Amino acid sequence: MAINTIMKNKPYNVVSSEGSGGDGNPPSSPPSPWRQTNGFSQCRRRLRSKVPLQYFRKDSLAAGIFGRRNIQFLLLLFFLYFSGLMMCVGRFSNFLRHSREPIAIYKSHLLLEKFWHDIETDNSTALELSSVWQFKRRMRVQKPCPVSTDRRHLGSVGVSSDPTGYLIVEANGGLNQQRSAICNAVAVAGILNAVLVIPSFGYNSVWKDPSEFRDIYDEDHFIATLEGYVKVVKELPNELISRYDHNITNIPHLRVEAWAPAKHYLGKVYPVLQEHGVIRIAPFANRLAMNVPSHIQLLRCITNYRALRFSSPITTLAQKLLNRMIERSAMTGGKYVSDMVAFSCCLYDGGDAEKFEMDSFREKGWKGKFKKRDLDFVAGRNRIDGKCPLTPLEVGMMLRGMGFDNNTSIYLASGKLYKAEQNLAPLLKMFPLLYTKESLATSDELAPFQGYSSRLAALDYTVCLFSEVFVTTQGGNFPHFLMGHRRFLFNGHAKTIKPDKRMLVGLLENLTISWKDFKDDMDAMLLESDRKGMMIPRVRKFNRKNSIYTFPLPECDCLQSHDSSPVLSAIQPLLMDCYVQKQVALTVAMGRCVDSDFDHLRNSDIIHFVQDSIQAFFTLVEVFSVSSFFLAATSECLVFGCLRSSSCKV
């Protein structure tokens, strides 16, 4: 309609103004319909032909074309035309892309059938765990961490040395997203010079874990470790909470943008805290930027690697799992979880039944979020782009291709397995020595943990942390935190197998590849994981682009103990306060922690006490080839990385 209106009005305006001879009279109205005869039309044409050219005023013509109203119509015209063009071109291009883009179809089970004879007969060149990692990092002598107990030593510039008020945060998500929020909360308290109230955990509809802070972490150790850096209390003082009718929801609530810089807290949050004396920030996931001043970054390091220690029930059972894995000469593996497969929009070899089941799971968990997607194309593109979780079968083929034989024990850190019997069968066929926390612990030992996904994840976290090899094939907070923690423990080396999934999928789709060529590619992939595992990104002042929880160095290196065993250093912050006699020092290096009569000794005394024994232990390992290390490949990382993390992106 706009096109017709503009084209209809413009001729009449031009004709009437020029027909008047430019005398300034208003233009005549258009002729009525009954006058629109053939004779009248011929008359009008004769009149127009007799009008001299000089009577046309250029300014009138320009004014008619470029008048304000006409410009609006022209702009509207252009916008409608461009929008329609983009819609048509977009749909057409999508059609072309869908028809031309290569998509991957799951064929790994066919390749396993082809390779099975070679896999069965290829145990003569087994890869020794002690020779997995070839690259070594020479650690530089680092400056010691600040030891001052003066809060101003780590305080923010321009902030009073006296506490400004109380900070309350709600840590949402799974185990490691909550861990990130806790570390960030301590850092924000340092920025604001606030007293931190022990963070509360928001109930999540995915994890469905009502655990509180004290159920997962040691509260007293957390408070004591941060003393001198950030003051932490278990609850608000009664006189303060009474001002808000003992209802925490009445406390001033602030919503902070994601990845907010330190200056945002100083400029926007600090004045509110000064005014009210207490503030509440929720949600608090990823609410602090990675680029913060070094003294604030150090607070994150102290919190993550020193203050956060699992609670006594978790550490007690974790020790038992570690000991039992060591007794079985340990290594580890992965899982296949239904919600991760559904969320990733990937399809495997289950056909229409699997697609229907995944559609039902998506609708139940995410309420129509995926209905508008062309899942057939998305699944094919996701797989060829390396965005799909690897199945247990694919993980097994990868590890066998890298040289791990069928005598390798596998620890499978998992939640609820998706079609466990069916999907684990190929992995069990390749690695018969497969263990889980359910098979290592008794039903009575696991009973207090049932129904609490974060507590179960903490058990897996501990077992994977103390492994010689860790396998991750999927994103999420769980593997990222583990890789960072392992870099902190093992002198900057993550000791993690992180395959190139795009390359791996391409190899698994190639049914003409030979077993020798496949093994060569897997060797190259292992070597690349080794090389990247020891890489430390360059961090310039206020220019950190990577997560400090994945790459803790160089900011956290002052906390490392280079003069003692990394495993012993790891046990101190994570496991219970227990000390060891000289005769059990070897088991400490393997992850065992035994009570003794040496409770009066300080940690520093213990470190010096067992240095010689640690060296003797590694000598024994070399002489007797003791299988005291294990490969950790968890559900969150090995196969289906989003069960306990909310960082999965659709």
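Each reported figure results from applying straightforward, stated rules to the coordinates on display, with no laboratory input. What you see is a predicted model, and the numbers here were worked out from it, not measured in a lab. Ideal geometry is used to build each Cβ from the backbone, glycine not excepted, and the neighbour counts take in all protein chains shown.
Sort 521-530, 442-451, 508-517, 388-397 by the packing proxy (mean of other Cβ within 10 Å over each peptide's residues), most packed first.
Values: 521-530: 17.8, 442-451: 11.8, 508-517: 14.2, 388-397: 26.9.
The peptides rank, most packed first, as 388-397, 521-530, 508-517, 442-451.
Please state the relative contact order of segment 187-342 as a whole percent: Cα pairs under 8 Å, 6+ residues apart?
That works out to 29 percent.
Under a crude label model (7 Å from the Cα following the beta-carbon direction), how far is Arg328 from Ala425 in nanometres?
2.2
For Pro283, what charge total do you get from the other residues with a beta carbon under 9 Å from its beta carbon, if Lys and Arg give +1 and Asp and Glu give -1?
+1
Sort Cys464, Cys558, Cys183 so that the residue with the fewest other Cβ atoms within 10 Å of its own Cβ comes first and the one with the most comes last. It would help to have the intermediate numbers written out before the result.
Details: Cys464 28, Cys558 14, Cys183 24.
Fewest to most other Cβ atoms nearby, the residues stand as Cys558, Cys183, Cys464.
Determine, for each peptide in 79-85, 468-474, the mean count of other beta carbons within 10 angstrom over its residues, then list the peptides with the highest first.
So the peptides 79-85, 468-474, ranked by packing, come out 468-474, 79-85.
Using the basic label-point model (7 angstrom from Cα toward the beta carbon), what is the Val272 to Met503 distance in nanometres?
Here the answer is 4.8 nm between the modelled labels.
Students often get this wrong, so check it: of Lys320/Lys419; Lys136/Lys429; Lys208/Lys498; Lys208/Lys429; Lys437/Lys495, which have C-alpha atoms separated by over 25 Å?
Lys320/Lys419; Lys136/Lys429; Lys208/Lys498; Lys208/Lys429
Using Cβ counts within 10 Å as a stand-in for footprinting exposure, how do Thr249, Thr408, Thr315, Thr164 rank, fewest first?
On the way: Thr249 9, Thr408 26, Thr315 22, Thr164 19.
Exposure proxy ranking, most exposed first: Thr249, Thr164, Thr315, Thr408.
Under the Karplus relation 6.51 cos²θ - 1.76 cosθ + 1.60, θ = phi - 60°, what is the ordered set of whole-Hz ³J(HN,Hα) values for segment 180-187, x standing for Gly and Pro?
4, 5, 5, 4, 5, 5, 5, 5
Could you calculate the contour length gain from Leu77 to Glu438, that is, 0.36 nm times the residue separation minus the distance between their Cα atoms, to one decimal place in nm?
Length difference between fully extended and current span is 123.2 nm.
Where does each of 166-174, 194-202 land if you order them by average Cβ count within 10 Å, highest first?
The densest-packed peptide leads the list: 166-174, 194-202.
In nm, to one decimal, how far is the Met535 label point from the Thr316 one, both placed 7 Å along Cα→Cβ?
Between Met535 and Thr316, the label points sit 4.4 nm apart.
What's the exposure ranking of Leu266, Leu75, Leu465, going from fewest to most Cβ atoms within 10 Å?
Leu75, Leu266, Leu465
Determine, from the Cβ-Cβ distance of Glu120 and Asp520 and an R0 of 22 Å, the FRET efficiency 1/(1 + (r/R0)^6), rounded to the nearest 0.05. Numbers along the way, then the final one.
Values: r = 19 Å, r/R0 = 0.88.
It comes to 0.70.
Using 0.36 nm times the number of residues separating Asn491 and Asn407, minus their current alpha carbon distance, what extension gain do you get? Please report the intermediate quantities before stating the final value.
Values: separation 84, 0.36 × 84 = 30.24 nm, distance 2.90 nm.
Roughly 27.3 nm would be gained on extension.
Using r as the Cβ-Cβ distance of Leu85 and Asp220, and R0 as 45 Å, what FRET efficiency do you calculate, to the nearest 0.05?
Using R0 = 45 Å, I get an efficiency of 0.10.
Gain in length, Glu227 to His253, computed as 0.36 nm per residue apart minus the alpha-carbon separation, to one decimal in nm? Walk me through the numbers on the way to the answer.
Details: separation 26, 0.36 × 26 = 9.36 nm, distance 2.65 nm.
Full-extension gain reported as 6.7 nm.
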